[in-house]
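**Q** Sharing a structure below in structure tokens format, with a few things to ask.
The values are calculated or read from the model by the stated rules, or taken from the named source; none is laboratory data. Predicted model, so just to flag it, every value in this text is computed and none were measured. Using ideal geometry, Cβ is built from the backbone for each residue, glycine included, and neighbour counts are taken over all protein chains shown.
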Amino acid sequence: MFGGTLVVILTIVLTMMLIRTLGQAAGGAVAPQDVVLLLGYTALGHLPTMLALSLFIAVVTSLGRMYRDNEMAIWFASGIPITRFVRPVLRMGWPVLLVVAALVLFVWPWGNRESTDLRDRYQQRSDLSRVAPGVFQTSRDGKRVFFIERDSPDAVNARNVFILSNNGAREAVTSARGGRLDNIDGERWLVLERGQRNETDSASGDKTLSSFESYRLLADEKATRRVEERPPKAMRSIDLLRSPTLRNQGELVWRIGLLCGAANLLLLGIGLAATNPRRASNWNLLFALLSFVVYYNLINLSQAWVATERIGMGGALVSLHGGAFMLALGLLWWRDHAAVLSLRPRRSAAA
């Protein structure tokens, strides 16, 4: 049941991620050749949640089927409490919990770093490197239109360059037979060779035509970007501990919360699997999915609360996950006593 549920959820999530990633590639946010790689990084980041949900649904569905087949009634009549199912469920689920821990603590930040680097490398390219040969392309600021024919795919040398620029006051059309990119003082410049420039004053309508052997134009991009501080989601877990800022603590609470939530959902699934065999419905599964959504939204809220200093890191973990653990134990206790109370009148009537 766990394997089948994981395949279904993984297929749905990958399809949604593929559509979103293709949209980002079409909008120029990521490189088209990096779509599959970025999809893999994103899937690894969401895999802990998918594993926890699949495990939770597997427990609820398997035990719920035992309720509908009256197997649970036989167990309860034999004096076996529902708490006896905790051990086999944990025996089945602990390898999955180890995988979730490894994904959350190690793979999640690594995947975020790699996907961020892919986007940054693509965004740091110059306007010239964004242009495909034979295609008119607008710059990011919308003030220039490029048309080139590149000699090589390295985006350094080009031939037959056409540039239309408009800064509001002047409109200029520049064409050249060749061009190249040079790095000067940390900035990327486009050096044009053997061309002409036709400039028009928008206010007066005066036109100026000039020819040049060499013309240098700022490509509106930095050749090297300052090393910015990585976001908390791209930092290693040990680095979050070494730098206990509010945002880092919130990210750490979220990572630990995913692991604690996956463990608590195993216990909650045992209690939420109870169903009435006389009713052909799946209300227990509906309530279980609703509990999962509420629980994981609370995990996200705990991250925001810690980041905004509304609650401490320890208080968030204890109150949320400790409360969920106590709720799971209370639900198991109630299921045991409800089963015993429901069997007592039948035994008296039979006697």
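**Q** When region 7-54 is examined, which residues are found to be over 27 Å from residue 90 (Cα atoms), aliphatic (A, V, I, L, M) and in contact (Cβ under 8 Å) with a residue 40 or more places away in the chain?
**A** Result: 29, 30, 31, 37, 38.
**Q** Still on this structure, I have one more. Scan (1) more than 28 Å from residue 287 (Cβ to Cβ); (2) touching a Ser or Thr at 6+ places or on another chain (Cβ under 8 Å); (3) modelled with pLDDT of 90 or more for the single condition residue 19 breaks and write down its number.
**A** Condition (2) is where residue 19 drops out.
**Q** Could you run through region 200-225 and say how many residues are assigned to a strand (DSSP E or B), at pLDDT 70 or above and either over 42 Å from the mean Cα position of the chain (by Cα) or among the acidic types (Asp, Glu) (or both)?
**A** 11
**Q** State the number of residues belonging to region 9-31 that are surrounded by 12 or more Cβ atoms within 10 Å (Cβ to Cβ) and within 30 Å of residue 62 (Cβ to Cβ).
**A** Selection size over region 9-31: 5.
**Q** Of the residues 335, 346, 278, 255, only one is within 18 Å of residue 66 (Cα to Cα), in a helix (DSSP H, G or I) and either modelled with pLDDT of 90 or more or more than 29 Å from the chain's Cα centre (by Cα) (or both); which?
**A** Working: 346 fails: within 18 Å of residue 66 (Cα to Cα); 278 fails: in a helix (DSSP H, G or I); 255 fails: within 18 Å of residue 66 (Cα to Cα).
None of the others qualify; the one that does is 335.
**Q** A further question follows. Cβ-Cβ below 7 Å, separation at least six or inter-chain, first residue in region 205-227 and not assigned by TED's automatic domain parsing to the domain that holds residue 144 and surrounded by 11 or more Cβ atoms within 10 Å (Cβ to Cβ), second modelled with pLDDT of 80 or more and not charged (D, E, K, R): which pairs?
**A** Pairs found: none.
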